[in-house]
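Reading through the structure tokens given below for one structure.
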């Protein structure tokens, strides 16, 4: 199975450098990495070009004009470029455990999408690694806030990973999510009516569920380490909740404003 890793970013090349370094040092490499760039300045492009020279696989820079927070559109454009049949989506502040790709591929299953977890680095640790360029972490390492999420252990993963029968929309986040590209296209990808932070990931997951794609949760594997930063503006959250609620109320499987317009 071929796998494409999608990384969202916006004007934080220092974090992206650590994320890309971790992605380029995987025990199993992805087919390609695609940077879903929501309008970063030229220094981000320069960083991507420099790192690309050292990799055996493609790093594709999918860039769009900076017209505000448009993560849904940015992800759709990147996914449309993907050659892999399986898509793993992370944010540009998620440093990957060395077995991140390996764990996701092993856990993948047809007609399912996957929600993974993240171990959060505190502010002091985040500032430290930005200086030291650290991208490898031990379980329970000092500076990890939710240390349980830093455990990568096969036996525990088998015990606690699997289908999500209750609270299917609980903590649906694209900081660590995976799905088959064909399933994404079938629901028309992310809904680009979402502008600003909030709910575009949950709404996407809800349409997958409505279309018969089941949710699986991956625990104690495919660990991502979240770099601390200030949160995004919530100014558009109220409007985004309305879009989300419309999908819930009408049990929608597809959105109108999605990925298909970027497909050949």
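The values are calculated or read from the model by the stated rules, or taken from the named source; none is laboratory data. If you're wondering where the values come from, they're calculated on a predicted model, not measured in any experiment. No Cβ is skipped: glycine too gets one built from the backbone with ideal geometry, and neighbour counts run over all protein chains shown.
Condition first: in a helix (DSSP H, G or I) and either in contact with a strand residue (DSSP E or B) (Cβ under 8 Å, 6 or more places away or on another chain) or over 23 Å from residue 85 (Cβ atoms) (or both). Now tell me which residues in the stretch 207-233 satisfy that.
Within the stretch 207-233, 208, 209 qualify.
(1) crowded, with 17+ Cβ neighbours inside 10 Å; (2) assigned to a loop (DSSP other than H, G, I, E, B); (3) on the phi < 0 side of the Ramachandran plot; (4) free of Cβ contacts under 8 Å to residues at least 40 places away in the same chain: which one isn't true of residue 54, the others all being true?
(1)
Let me confirm something: among 44, 55, which residue is closer than 24 Å to residue 130 by Cα and modelled with pLDDT under 95?
55
Quick grid of which residues meet (1) closer than 30 Å to residue 187 by Cα; (2) surrounded by fewer than 15 Cβ atoms within 10 Å (Cβ to Cβ); (3) in contact with a helix residue (DSSP H, G or I) (Cβ under 6 Å, 6 or more places away or on another chain):
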site: 6; (1), (2), (3): yes, no, yes
site: 16; (1), (2), (3): yes, no, no
site: 20; (1), (2), (3): yes, no, yes
site: 44; (1), (2), (3): no, no, yes
site: 48; (1), (2), (3): no, no, no
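Is it the case that some residue within the stretch 50-59 is touching a helix residue (DSSP H, G or I) at 6+ places or on another chain (Cβ under 9 Å) and under 23 Å from residue 240 (Cα atoms)?
no
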